[in-house]
Each structure stands twice: as C-alpha cells, then as structure tokens.
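The values are calculated or read from the model by the stated rules, or taken from the named source; none is laboratory data. These figures come from a predicted structure and were not determined experimentally. Note that each Cβ is placed from the backbone with ideal geometry, even for glycine, and that neighbours are counted across all protein chains shown. Note: areas computed on protein heavy atoms with side chains; ligands, DNA, RNA excluded. Shrake-Rupley method; radii C 1.70, N 1.55, O 1.52, S 1.80 Å.
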Amino acid sequence: MIFRQLFDSVSGTYSYLLASRAGGEALILDPVLEKVDRYCQLLRELDLRLVKAVDTHLHADHITGLGELRDRTHCVTIMGEQSKADVVAMRVGDGDKVTIEGLSLDVMYTPGHTDDSYSYLMGDRVFTGDTLLIRGTGRTDFQNGSARAQYDSIFNRLLKLPDETLVFPAHDYKGDTVSTIGEEKRFNPRLQVRSVDEYVELMANLKLPNPKMMDVAVPANMHVGLHQDDLARQGQSLTAREGIDSLGRPDILLVDLRESSERSKHGTLPGALHAPYPAIADALRPGGMLREVAAATGRRIVFFCAYGERSAMAVTAAKEAGLANTAHIAGGMDAWKKAGGPVATG
C-alpha cells in the first residue's frame, strides 16, 4: 500500500494520501489549498490517479483543497451528510464505505468538534479528523460543537476500537505524527475523566482563542461547489423538472454516474443506465460503452449524479472526447427528489 502523511506547518494540518498500488487510484484526506501543487507533484511521481478527496469536517483553520483538486484532477469530493458545504459530489453517513481500487474506508460519524465531524477506519488505522488528537481532543466551542457529543464519539466509538489501532489525526501542534487507541486511553490527559459531566466541564474551561483563519476559512469552505451555470448557458443542462418531463422520450438516454452504494441507499431513475463516474473516461473513448450506445442509437446522453458535480464534469469529459450531444441534470438526484420526480427503489 502507498501511504503518505503530508504536513502543512502554517495550520498544523495533516493530509493523507492513500493508494493500493503504483499506477492505481488514490484518495486524499483533508487536503489544504496551499499544498495542492505538492499533492499533484506527488501524484505524478508515484504514478497515481486521484479519484476521491475527503474532508473529515468543515475546517476553520485553513481553506480546503477539495475544490482545487476537483478542478485539476476531476476527482470526486466527499464530506459527511451533515456538512454545511454548498456542494460536494458525494455525501456519506455513518456505516457507509468510501472505496477506491484495492482500499475501503469505513465511515464513522463522530460529532463533537463540529456537528459534521467524521472519522474513517481502514484496517489497522483510523483517521480521526479533529475528534481525537494525539494527547488531546478537538475543541467543541464553535460550529455547533458539543463536548457531550464528543465524549460519546470518543468513549463509545473510537476507544472501542482495538488498542493497537493506529490513530492519525487531522492536526497536531507538538510534532507528534501517530499514536494508538491504547496510548490515548492511558496517556491522553483529556480522557482521564470519570464521567461525561466532568469532560463537559473540562472542555468548557479551555478558553482558547478562535483560529486566526476562522473568519476566512469557514465561509470559503462552505462554497467549494462546482459552478454549473456555464453548462446551462451552453444548453447542456436540464433542470430537474425538464428531466422529469423527458422521462420515456426515445431520443434521450439517462446515465447514472453514482456508485452502487448510493443507488441502493437513495434510489434510481426509471430506465437509467449505470456508468459509475470513476470509469467515465473509458466509457467515452472509442469502443467505450457510452460512445457505442450513443453512436448506435443516436440518443442524447443525459448524465446525472447526486448533486450535479460529477455529471457536470462528465459533460466536459464527453466534449473533450468528441461527444458533443450530452447534457446533465442540474442539482442531480437531490434536485430531482425536491421536484417530486419518480424514484425507483430496490
């Protein structure tokens, strides 16, 4: 496995690059905007293709690299379903899995530092975001934080993992890079409390100053969405209502870019073809499934996904592949459901 822990000294942020092999798919956790050049250089050096970029929560001390990485690599951006970010391509909930070729991360909802905080478990290691730090815990005094919720996340979720589980946090300010669940149980001063009330009192008396970047970072990180307006101006965007009205038309082929887990959780559209976004380049090249179907039937391909991010990128990819007669459903399944469109389950 390829595993790289990358550090931003300005904000004290750790980002993690994961892949199962050279030449394969890669995932990055908690990228920092100012380090995107470095990530892209490392991806080239290690011969990796970034397919997913994940933020464990809405950060207050740095601007996320999610949007820039999406624009440069066409990766899928991921956050938890509670996130206030305007648009991410994929939202996950407790018990879901985030997968790339050869690797799978179990999604754990661990609120407390913020109300959208998640941890990600992968085999012998857990990426704890700012929920559990090395010899500390994430502050709980803004962004709908809750010391009571954090106590539950730590004591009833994270500390139930095996003692030898490696702990990789999203931040450290003392120079530590890794710990274990067992170490934190024994040596983390904030975890030596006898009750949830004692923990709540401890967290209430930290009296920490706000992060220096907070007033800039939080608003910026809430607006990372891909601007889909350009496609509408070019006539390559359907509103959810227009999509609903086009159902059953013989000249249109609906193509679902979501992953199987999203389809089973949120339903599908009647008659849609399934072509997961990570393989879209193969499907659009000569001999590829979508290109062949479009050529054989003359139908217009209309892509859709969860929120319109992946489908907008697919329209651009199709255009670059020489397939011009495509469009997407703006706002994706989210907009479709809000407009009252039919959804198939099972």
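Things to note:
- Set against the labelled values [x] 97, 60, 51; [y] 67, 44, 37; [z] 56, 46, 41, Cα extents along the principal axes in Å computed from this structure falls on [y].
- A simple spin-label model places pseudo-atoms 7 Å from Cα toward Cβ; at residue 37 and residue 234 they are separated by 2.8 nm.
- Distant-in-sequence amide H partners of residue 299 (H built 1.01 Å from N, under 5 Å): none
- Estimated [θ] at 222 nm from DSSP helical runs (n ≥ 4, -39500 (n - 2.57)) normalised by residues in the chain, nearest 500: -8000 deg cm²/dmol
- Here the gap between residue 3 and residue 124, fully extended at 0.36 nm per residue and compared with their Cα-Cα distance, gives a gain of 42.3 nm.
- For segment 104-114, Karplus couplings with θ = phi - 60° (6.51, -1.76, 1.60), whole Hz, Gly/Pro x: 9, 10, 7, 8, 10, 7, 10, x, x, 4, 9
- Inter-probe distance in nm under a simple model that places probes 7 Å from Cα toward Cβ, at residue 187 and residue 266: 4.3 nm
- Å² per residue, accessible surface of the chain at 1.4 Å: 43 Å²
- Accessible surface comparison of 241, 157, 263, 233, probe 1.4 Å, protein chains only, largest first: the order is 233, 241, 157, 263.
- Residues in segment 179-189 carry Karplus couplings, in order, of 9, 10, 4, x, 4, 5, 4, 7, 10, 6, x Hz; the curve used is 6.51 cos²θ - 1.76 cosθ + 1.60 with θ = phi - 60°, and Gly or Pro positions show x.
- Our coupling estimate for segment 3-12, obtained by passing each phi through the Karplus curve with A = 6.51, B = -1.76, C = 1.60 and θ = phi - 60°, is 9, 10, 9, 10, 10, 10, 6, 5, 9, x Hz, Gly and Pro reported as x.
- Near residue 92, the amide H atoms lying under 5 Å from its own belong to 79, 80, 81; only residues 5 or more places off or on other chains count, and H is placed 1.01 Å from N.
- Of the solvent-accessible surface of the chain, computed with a 1.4 Å probe over protein heavy atoms with every protein chain present, carbon and sulfur atoms account for 53 percent.
- For the chain, the longest piece that avoids every one of the chymotrypsin sites (Phe, Trp or Tyr not before Pro) found in DSSP loops with at most 16 other C-beta atoms within 10 Å covers 174-346.
- With a Förster radius of 45 Å applied to the C-beta separation of residue 197 and residue 177, the computed FRET efficiency comes to 0.85.
- Residues with amide H under 5 Å from that of residue 13, placed H, sequence gap 5 or more: 8
- Lys pairs under 25 Å by Cα in the chain, provided they are eight or more residues apart or on distinct chains: 23
- Fully extended contour minus Cα-Cα distance, from residue 338 to residue 207, at 0.36 nm per residue: 42.9 nm
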